[in-house]
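Novice: Just passing along the structure, written as structure tokens.
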Amino acid sequence: MTYVVPVPTPPSLPTSGGALFPVRRVFCVGRNYGDHAREMGADPNREPPFFFTKPADAVFAPQPASGDAGPAVPYPPQTADLHHEVELVVALGRGGTAVDPADALDMVWGYGVGVDLTRRDLQSEAKNLRRPWDLAKGFDLSGPCSPLRPASEVEHPDRGRIWLGVDGVIRQEGDLGDQIWTVPEIIAHLSRSVALSAGDLVFTGTPAGVGALTRGDMVTAGIDGVAELSFTIE
Ligand code: MN
């Protein structure tokens, strides 16, 4: 069979072992740390987690351009309020439907640290007008992510410092142990709404301290014992 237009290259992330992780779909958890829920004007509680998505090709590992200081991420169009949200990223190696939380970690291939870049002004407008968030969250290159590391290297992190700095000043700092919904609970919930598959990624929510980025900002982010990521906004 032939195709009528060129077949796009499948999105992927590098892994610590050198082989690529093929990205199938990208799910993101809304408010999963109480202090961030409060800073967004919400009341943190154990209501079921909610999800939104980014296109698979929104996720990428920023690569250093030849001869320059470091990887660059473009400042996106249609916003004057680009926000950073540092998140633990879960990479699924197996699929499942209506998964029991006790079995969910068996589906995880590995982990990384990513930034859920958000056009906050568009998101606020969408919320006010009761419209979808899609273009506030799912724009091009909105999910810079570290190389992924297999669970065989990092185990299944359920606590540990998660942080993001801009130009060397810490903006976000939290602990994975403060997540309202744990990784197995998130996978179990999500698998009741969609059939999860190998290649799916889950961005698991951000701690407090989200804020605006401007051109020239150098972003560094990490999860202790898991991964680090750095890039400059261009
Ligand atoms: Mn987020």
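Novice: Yes or no: GLY174 within 16 Å of the ligand (Cβ to nearest atom), small (Gly, Ala, Ser) and more than 15 Å from the chain's Cα centre (by Cα)?
Specialist: The answer is yes for GLY174.
Novice: Report, by residue number, each residue of the stretch 104-121 that is in a strand (DSSP E or B), open to solvent by 10 Å² or more (accessible area, probe 1.4 Å) and within 16 Å of the ligand (Cβ to nearest atom).
Specialist: ARG119
Novice: Right, something else. Of the residues SER193, SER142, SER152, which is hydroxyl-bearing (Ser, Thr, Tyr) and open to solvent by less than 90 Å² (accessible area, probe 1.4 Å)?
Specialist: After ruling out the rest, the residue left standing is SER142.
Novice: Scanning the stretch 190-230 for residues that are within 16 Å of the ligand (Cβ to nearest atom) and out of contact with any His (no Cβ under 9 Å at 6 or more places or on another chain), which turns out farthest from VAL113 (Cα to Cα)?
Specialist: The selected residue is LEU190.
Novice: How many residues does the stretch 125-139 contain that are open to solvent by 20 Å² or more (accessible area, probe 1.4 Å) and part of a loop (DSSP other than H, G, I, E, B)?
Specialist: Result for the stretch 125-139: 4.
Novice: Looking only at residues in the stretch 219-234 that are of a type outside the set (A, V, I, L, M, F, W, C) and assigned to a loop (DSSP other than H, G, I, E, B), which one is farthest from GLY160 (Cα to Cα)?
Specialist: Only one residue tops the list, namely GLU234.
Novice: Does VAL169 meet the test of being open to solvent by 20 Å² or more (accessible area, probe 1.4 Å), without any contact (Cβ under 8 Å) to a residue 12 or more places away in the chain and of a type outside the set (Asp, Glu)?
Specialist: Against the criterion (open to solvent by 20 Å² or more (accessible area, probe 1.4 Å), without any contact (Cβ under 8 Å) to a residue 12 or more places away in the chain and of a type outside the set (Asp, Glu)), VAL169 qualifies.
The values are calculated or read from the model by the stated rules, or taken from the named source; none is laboratory data. Source: prediction; values computed, not measured. All Cβ positions, even for glycine, are placed from backbone atoms using ideal geometry, and neighbour counts span all protein chains on display. With ligands, DNA and RNA removed, areas are computed over all heavy atoms of the protein, side chains included. Shrake-Rupley method; radii C 1.70, N 1.55, O 1.52, S 1.80 Å.
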